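Following: one structure in structure tokens, then a few remarks.
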């Protein structure tokens, strides 16, 4: 489809149809699936060589620090402020004016990223002490974390520019490069880990170098598809641009929201660094369990949110609230359909999943116990994590970045209070449970305020959720029975058979309950069978 066609299409145009959204989501999901599989291989390698020891804790905290700032000027900023405004300019302005606007935004992004990076390197000793105060009891661990932080901070520039390049591609409904770019980070870290552990005296520094190499590869991967869009890299005559001002207005509350989210991350890191309360290895346990949770989140939620954002933005630009609501309900139904059964199965199989993936080398039984405990409680909030992502995307499409900030601020306080209440009896699991409870509150509040803003969503959504929950409950009971009764000694094979059986049963139940998604899957499988 030509760019001109994209510019002129209406609300009912092909690119904004549900089929187009699913096709775009499929591309994003395939790329994310590839990245997540590589990410699991990466984490298996890291777990084998570093386990949940002090070097792993130091690396994960150091890598987390530039990523704390990433949401201010990376994907979070582009999805909330840049993509909706880019979409508006592409539809309403001349193409030359659009590219001039893109160049202005890129220059502002590079300036902001550079300033933050330099400041982060200079202030690394204080940042590490604030984020992980528990490290101060171990001078060696503290010093290693500071050095790794300084080394990896330039990754922020690379991933920030990559995110802004993705914003241009999203605007043109080009999803392949953004979907597959994260694969390069995982590949770079895997190669660097294997090389460093074999040839370097201090292999943890090799991992840090791998992060930077991955950032470079991700950015370079965007260049060719950008050129295909007709991008024109030219120095603008002035940086004063009405579109940039519009993005700035949207970014101020969005940055406040990012700050609230990062405060939540800081509180969680603060609590997990207190080994005398939650036990040793808490930071690594949270990291590995989060990686499992991010697998379905990335494949389903993030992919669908990225695919649907340009469509929702188009409906909002054209003031077509009815179509926006229809698209939003369609998106939420798909998220719930996928994440409810995934949540219950991950909770039931948390311990064997962690054991099968990571328990080898330096990652022993203790590491499995604490990581599976965190995974169990994180999984209880999986549907909320997914729902939040979709609802926030809808607010951003409406160019309302203030409401999600206010809701996130309330939930930050709830999360922090629950952390300090639950971490004593449940240790590391209490921190994960606090996050899940706060996320559920976040989702419910966002849903309420969105209905107040655009009107009530289709009543059938509640009936849909009831049907999916019924199928999920039966599936959960069956999966628990299958795991305990299945006579298969090999844990990985047993997991695969149990998971496959659970999803097949869930599909059958949803088909019986006349859930449209299950019936479409059945028709697709029937069509494939007829072609054989």
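List of remarks:
- Pick from the stretch 351-377, criterion without any contact (Cβ under 8 Å) to a residue 40 or more places away in the chain and over 12 Å from residue 491 (Cα atoms), ranking: farthest from the chain's Cα centre (by Cα): 365
Results for (1) assigned to a helix (DSSP H, G or I); (2) within 22 Å of residue 42 (Cβ to Cβ), shown as yes or no for each residue.
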{"position": "385", "(1), (2)": "yes, yes"}
{"position": "400", "(1), (2)": "no, no"}
{"position": "416", "(1), (2)": "yes, no"}
{"position": "429", "(1), (2)": "yes, no"}
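- Residue within the stretch 421-429 that is at pLDDT 90 or above and under 23 Å from residue 445 (Cα atoms) present: yes
- Residue in the stretch 362-382 that is touching a helix residue (DSSP H, G or I) at 6+ places or on another chain (Cβ under 8 Å) and either farther than 25 Å from residue 422 by Cβ or part of a strand (DSSP E or B) (or both) present: yes
- The set of residues from the stretch 475-502 being surrounded by fewer than 16 Cβ atoms within 10 Å (Cβ to Cβ) and assigned to a helix (DSSP H, G or I) comprises 477, 481, 484, 485, 491, 492, 493, 496, 497, 500.
- Taken as a whole, the stretch 419-427 holds at least one residue that is in contact (Cβ under 8 Å) with a residue 24 or more places away in the chain, assigned to a helix (DSSP H, G or I) and surrounded by 21 or more Cβ atoms within 10 Å (Cβ to Cβ).
- Test: residue in the stretch 455-470 that is assigned to a helix (DSSP H, G or I) and more than 19 Å from residue 331 (Cα to Cα): yes
- Lone qualifier among 331, 342 - being buried (at least 23 other Cβ atoms within 10 Å of the Cβ) and either closer than 15 Å to residue 447 by Cβ or touching a strand residue (DSSP E or B) at 6+ places or on another chain (Cβ under 7 Å) (or both): 331
- Any hit, the stretch 210-226, residues being in a helix (DSSP H, G or I), farther than 28 Å from residue 108 by Cβ and either modelled with pLDDT of 90 or more or touching a helix residue (DSSP H, G or I) at 6+ places or on another chain (Cβ under 6 Å) (or both): yes
- In this entry, residue 298 is excluded by the filter for residues that are touching a helix residue (DSSP H, G or I) at 6+ places or on another chain (Cβ under 7 Å) and over 25 Å from residue 379 (Cβ atoms).
- Within the stretch 367-384, the set of residues being closer than 28 Å to residue 315 by Cβ and buried (at least 24 other Cβ atoms within 10 Å of the Cβ) comprises 382, 383.
- Residue list for the stretch 33-48, filter: within 18 Å of residue 366 (Cβ to Cβ) and crowded, with 22+ Cβ neighbours inside 10 Å: 46, 47
- Residue check, residue 285 at pLDDT 80 or above and crowded, with 24+ Cβ neighbours inside 10 Å: yes
- For the stretch 233-245, the criterion of being surrounded by 23 or more Cβ atoms within 10 Å (Cβ to Cβ) and either part of a loop (DSSP other than H, G, I, E, B) or at pLDDT below 75 (or both) is satisfied by no residue at all.
The values are calculated or read from the model by the stated rules, or taken from the named source; none is laboratory data. Predicted, not measured: the structure shown is a model, and the values here were computed from it. FYI the Cβ positions are ideal-geometry reconstructions off the backbone, even for glycines, and counts take in every protein chain you see.
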